[in-house]
Structure formats: structure tokens, C-alpha cells
Amino acid sequence: MRVEILGSAAGGGFPQWNCNCRNCHLQRTGALRAKSRTQTQVAVSNDGHEWFLLNASPDLRLQIERTSVLHPCNGSRDSPISGVLLTSGDIDQIAGLLSLRELQPISIYCTPSLRRILREDNSVFGMLNRVPQQARWIDVQTDQMFALSTLSGTNSGLCCELFSLGSRYPVYVSAKRASTLKLEEASLGVMLTASSGGRLAYLPAVPAISEGLLQHLSTADMILFDGTFWSNDELIQVQGSGATALEMGHVPMSGPEGSLSGLSGLLGPRRVFVHVNNTNPILDESSSEYSELKASGWEIAEDGWQFNL
Ligand SMILES: [Zn+2]
């Protein structure tokens, strides 16, 4: 399985357009030992020809242009991107769908709850279905294995399993609508298995670490895990007010409930953080937090990284 990290930051990217926190400010002046990052986006392929996007970030157009394997290669209209798999309705996971609206056939895999939010409540996504041969919405369920198909209907070689990570829908989903949706379809993790046997776990938003989650992750070769915040009160420290990481549905890296501690027994898989918020001190490669994370055996994804599983 080929894995391309097209983007690795949380919503807003790094630096974020309206943010003047220490990280964003110093990054703009060039004084920080850090890499700028676009919003988290991953592409996977079993054969290097047919590609699938894991979610669709607001930076998707730029990310595709920066990645030659995702460029058109046949005729005047073409894309090696066969489909998109959605794990939540968060804006930084779905806004890029609107960059795929140029009448191109594409499959969109999501749960029935997410499909209803996008197609019944947000008419702008109707632009993906202006003509018959455009987006094909495919309902998928949690805790069931299914294959990702190429546009011609053949098996891509990538097998997929979704598991529930949280029950909170995005703020823009009305309480009335949310009451009609399945709680277990609000936020998902993905396990992808290639024909090689390689297994990738993708979890950009993890609200808590359960025993069941650890069992899932122990079977992976690589984990791309929620790296939004270093500490639970990070945003409050930076802004003076706001919500904690846990209140926002992100387990922080540090602390007793954190991912460094919670996943410390998971020594088999390669462990990589994605979805890193611009306030996170690990972005500063001279920080003590960065050193602590590296010493724990974790890596921090950068835009442009590639893996083979
Ligand atoms: Zn910032």
C-alpha cells in the first residue's frame, strides 16, 4: 500500500491565517525551527495507480497539485482519484469535496448519517451531482469489512473497516438533525488492509483511548493518530479562554489521559501523529516537548511524507 501524507496540520493549518500565537508568529518571521503544514489529508493506493482520499481537506486542490501521482494522465479530463472515504462531518474533513466538483466521476464512501448531513442539509454539496456520471455516494457501516472499488467496479485491493470513536456531531449540525442520526456514526477511525497484508490505521480525531481501540491498533503496521494538542488546556493557555482538548473531542498527547501514556504499550506499529494544531509546542523542533515525543518513539507527520506498507 502506498500512503501519501498530503497535509498534516489540524483545521486552520500552520500557520493559521488569523493566529498570532507564539508558533504562528515565529513561523512567519522564520525564527522557528518548524515546518509549515497544510490541513490533514492522506491518500492511499494498493497499486500506485488507483488512489483513494481519506477525507477531503480545505487545502485539497493545492495538495493534489503538489503530488504528481494524483495528476490527470489520460485525455482532457481524468483523475487517478477513484474515491473519498469520510470519517466525520468536520469542516476540515469535508470542505475539500467542493474542490472535486468539476463533473468528474468519483465514489464517496460515508455512513448514512454523514450522507444525510451533507446531501439533505447542505445544498452546496448538490454540485457534486449535477450530472448522472458524477459523485456516487456509497453507504458504509461501522464494524463491517468492505472493499474500496475502482470506478470501473473492480476491487482496488484495499479492504476497509470503520470503527466508532465518538458520538458528537459537528457544531453546524442542528440538535434536531443530530437527534435523528446514529451516535456511533459521528466520528470514525479507519483500518485499511492492502493486498500485501499491510495495515494502516487512520484516526485524526480521538476523544478517548479505550481497551477496544488499543486492540484494533495492535493489529496495525502503522498508526496515523490524532496529534491535535500537546496538553489538555493548551488553547486556554494560548487564548486565555476556550475549551479543553478533551471537551473538543481530542485526547491530548501529554498527561495521564494522553496518547503518549495511553499508547505506550503499543510497540509494534509505527506511530505517527497527524492533525497537529498550530498551537502545539511539538511543532517547534527545538522544544522539550518535541524531544520527549521523539524519545517516546513517536513521529510527527510532515506534508509530502510517503510510506509503503
Ligand atoms: Zn497559531
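The values are calculated or read from the model by the stated rules, or taken from the named source; none is laboratory data. What you see is a predicted model, and the numbers here were worked out from it, not measured in a lab. Neighbour counts are summed over all protein chains in view; Cβ atoms, including those assigned to glycine, are modelled from backbone coordinates with ideal geometry. Heads up: the accessible areas ignore ligands, DNA and RNA and are worked out on the full protein's heavy atoms, side chains in. Shrake-Rupley method; radii C 1.70, N 1.55, O 1.52, S 1.80 Å.
Observations on the structure shown:
- Some residue of segment 44-67 being farther than 30 Å from residue 249 by Cα, more than 16 Å from the ligand (Cβ to nearest atom) and either of a type in the set (Val, Ile, Thr) or part of a strand (DSSP E or B) (or both): yes
- Taking the numbered list (1) touching a residue at least 12 places away in the same chain (Cβ under 8 Å); (2) in a loop (DSSP other than H, G, I, E, B) in turn, residue 241 passes all entries but (1).
- When 245, 201, 208 are checked against the criterion of being under 16 Å from residue 266 (Cα atoms) and touching a helix residue (DSSP H, G or I) at 6+ places or on another chain (Cβ under 8 Å), 201 stands alone in meeting it.
- Looking across 195, 156, one residue alone is buried (at least 16 other Cβ atoms within 10 Å of the Cβ) and either not in a helix (DSSP H, G or I) or not aromatic (Phe, Trp, Tyr) (or both). It is 156.
- Every residue from segment 47-77 that is of a type in the set (D, E, K, R), modelled with pLDDT of 95 or more and farther than 20 Å from residue 303 by Cα: 47, 50
- Filtered by the rule that a residue be in a helix (DSSP H, G or I) and either open to solvent by 50 Å² or more (accessible area, probe 1.4 Å) or within 13 Å of the ligand (Cβ to nearest atom) (or both), segment 265-288 gives 281, 283, 288.
- Boolean, residue 239 is within 16 Å of the ligand (Cβ to nearest atom) and open to solvent by 50 Å² or more (accessible area, probe 1.4 Å): yes
- Here residue 230 passes the criteria (1) more than 17 Å from the chain's Cα centre (by Cα); (2) open to solvent by 40 Å² or more (accessible area, probe 1.4 Å) except the one numbered (2).
- Among the residues making up segment 214-229, those that are modelled with pLDDT of 95 or more and either closer than 19 Å to residue 245 by Cα or assigned to a helix (DSSP H, G or I) (or both) are 214, 217, 224, 225, 226, 227, 228, 229.
- The lone exception for residue 87 - which of (1) touching a residue at least 24 places away in the same chain (Cβ under 8 Å); (2) out of contact with any Gly (no Cβ under 6 Å at 6 or more places or on another chain); (3) of a type outside the set (Asp, Glu); (4) more than 25 Å from residue 173 (Cβ to Cβ) it fails: (4)
- Just one of the listed residues (103, 98, 6) is assigned to a helix (DSSP H, G or I) and more than 16 Å from the ligand (Cβ to nearest atom), namely 98.
- For segment 10-36, a tally of residues being more than 10 Å from the ligand (Cβ to nearest atom) and buried (at least 18 other Cβ atoms within 10 Å of the Cβ) returns 4.
- Residues (at positive phi and buried (at least 20 other Cβ atoms within 10 Å of the Cβ)) located in segment 249-263: 249
- Residue list for segment 11-51, filter: over 28 Å from residue 309 (Cα atoms), touching a strand residue (DSSP E or B) at 6+ places or on another chain (Cβ under 9 Å) and of a type in the set (Gly, Ala, Ser): 12
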